[in-house]
Amino acid sequence: MARIVGIDLGTTNSLVAVMHDDRPKILPDPHSGSPLLPSAVSLLPDGTFLVGESARRRAALHPHASILSVKRFMGVGLEHVDEQDRREHAFDQAAGALRVVLQDGSGGTQTLSPPEVSSLILRELKRRAETALGEEVTRAVITVPAYFNDSQRQATRDAGRLAGLDVLRLVNEPTAAALAYGLDKQEEALVAVFDLGGGTFDVSILQLREGLSEVLSTGGDTRLGGDDFDRRLTALLQEQLGGDQWSAEDLAILRDAAERAKRELSAVEVATVELPLSGGTRILQVTRDAFDAASADLVERTLARCRQALKDAGRQARDVDHVILVGGATRIPAVRRAVEGFFGKAPYADIDPDAVVALGAAVQAGILSG
């Protein structure tokens, strides 16, 4: 029988996993070896699409041909589009439902719905899985945020269908994280899932009882994520360089350098970045202390959402038995310290926070396949 894959269709990155020898396993890109597929799509002048890392890089120089973070638009209408969205993307105002207009750079355009964009990402994950497994993949479990409503969940199913996948089940992302850690096997536990991804932040309070999971409350901020921490680091680099006139190419270089510095500062106190700017190469240093100070308000915003989620669940921080970290931005030391201090216990972070939801989806896929 063909295997069922588990898919984390993420705002910033997506992954696919499968059960192998009774353990969940991420299926990496067969060429680069990277487990992550950036959730990015870019329209080329010949009418074809780039998906993944190449699309993410192209988006920096061709923003109107590209779309990032399409998950935020799944199952919602034009009334949910704000001014920042309109600055970043063109929308078909005549369409009844939300549709994004991509410009290929040579005068051509294509108009796509969010499920159509997401289907391109899912199709690439399907191809990745089929290459790794050596067999056709037609069935999947896909994770969704706990706050997704029926319309958003149906849009996710539609994306799967367009990609050639039979979506057997949609699993809440916090539930998938708990599955990855095996917490569903506990008789009873209260679990907080702290999910700080590239573009969004979610916190969920789960009640686990005899293998069943109930989401008591969920909250977050769709405008808060690792990208915001990157912007603070970019601003620190710009302050050191001086000036306020930046070309699109230089800004792309600064953003890439800031992201690399963020990753480096998770392990060292001082990061050194090399910037091959149009005016000449510059080498700068940025400290973890400076980064922590510049992003302290972002960390506090996550804790404010945690307070509200606990209040909505009728619980207090001391009632939580386990805390799970999800999302690449939870690698930031200041974030981990803040979470541990808030809940009064060390969070689970043994599993790669980028992969934990996909691994949980694979566990659910394994359960469905017996």
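The values are calculated or read from the model by the stated rules, or taken from the named source; none is laboratory data. Keep in mind that what you see is a predicted model, and the values were worked out from it rather than measured. Every residue, glycine among them, receives a Cβ derived from its backbone with ideal geometry; neighbour counts consider all protein chains shown. Accessible surface areas use protein heavy atoms only, side chains included; no ligands, DNA or RNA. Shrake-Rupley method; radii C 1.70, N 1.55, O 1.52, S 1.80 Å.
Before moving on, here are some points about what is shown:
- Evaluated against (1) open to solvent by less than 50 Å² (accessible area, probe 1.4 Å); (2) of a type in the set (A, V, I, L, M, F, W, C); (3) within 23 Å of Pro28 (Cβ to Cβ), Ala132 falls short on exactly one condition, (1).
- Taken together, Ser54, Ser119 contain a single residue that is crowded, with 16+ Cβ neighbours inside 10 Å and among the polar types (S, T, N, Q), which is Ser119.
- Residue pairs whose Cβ atoms lie under 7 Å apart, separated by 6 or more positions or on different chains, with the first residue in the stretch 278-294 and more than 21 Å from Gly243 (Cβ to Cβ) and the second of a type in the set (Ser, Thr, Tyr) and exposed (fewer than 12 other Cβ atoms within 10 Å of the Cβ), do not occur.
- Segments classed as strands (runs of 3 or more DSSP E), wholly inside the stretch 1-104, with at least 1 members that are out of contact with any strand residue (DSSP E or B) (no Cβ under 8 Å at 6 or more places or on another chain): 13-20, 23-26
- Residue check, Pro114 in contact with a Ser or Thr (Cβ under 8 Å, 6 or more places away or on another chain) and either closer than 19 Å to Val167 by Cα or surrounded by fewer than 22 Cβ atoms within 10 Å (Cβ to Cβ) (or both): no
- Pairs with Cβ under 7 Å, 6+ apart, first in the stretch 1-30 and under 24 Å from Leu196 (Cβ atoms) and touching a residue at least 60 places away in the same chain (Cβ under 8 Å), second open to solvent by 40 Å² or more (accessible area, probe 1.4 Å) and basic (Lys, Arg): Thr11/Arg72; Ala17/Lys25
- Residues (more than 10 Å from Gly366 (Cβ to Cβ) and either within 23 Å of the chain's Cα centre (by Cα) or of a type outside the set (A, V, I, L, M) (or both)) located in the stretch 1-16: Val5, Ile7, Asp8, Leu9, Gly10, Thr11, Thr12, Asn13, Ser14, Leu15, Val16
- Any chance Asp228 is among the charged types (D, E, K, R) and open to solvent by less than 20 Å² (accessible area, probe 1.4 Å): no
- Some residue of the stretch 145-163 being more than 21 Å from Glu53 (Cα to Cα), open to solvent by 30 Å² or more (accessible area, probe 1.4 Å) and in contact with a Gly (Cβ under 6 Å, 6 or more places away or on another chain): yes
- Pair list, Cβ under 9 Å, 6 or more apart: the stretch 175-186 residue farther than 11 Å from Leu359 by Cβ, other residue of a type in the set (Phe, Trp, Tyr) and modelled with pLDDT of 95 or more: Leu183/Tyr348
- Complete set of residues in the stretch 238-265 that are of a type in the set (A, V, I, L, M, F, W, C), within 21 Å of Gly226 (Cβ to Cβ) and not in a loop (DSSP other than H, G, I, E, B): Leu251, Ala252, Ile253, Leu254, Ala257, Ala258, Ala261
- If the condition is being of a type in the set (Gly, Ala, Ser), touching a Ser or Thr at 6+ places or on another chain (Cβ under 9 Å) and either free of Cβ contacts under 8 Å to residues at least 40 places away in the same chain or open to solvent by less than 10 Å² (accessible area, probe 1.4 Å) (or both), then the stretch 203-216 contributes only Ser204.
- Meets criteria (under 17 Å from Ile7 (Cα atoms), of a type in the set (A, V, I, L, M, F, W, C) and within 19 Å of the chain's Cα centre (by Cα)) for Leu125: yes
- Residues that are in a strand (DSSP E or B) and open to solvent by 40 Å² or more (accessible area, probe 1.4 Å) were ranked within the stretch 164-202; the one that is farthest from Val70 (Cα to Cα) is Glu188.
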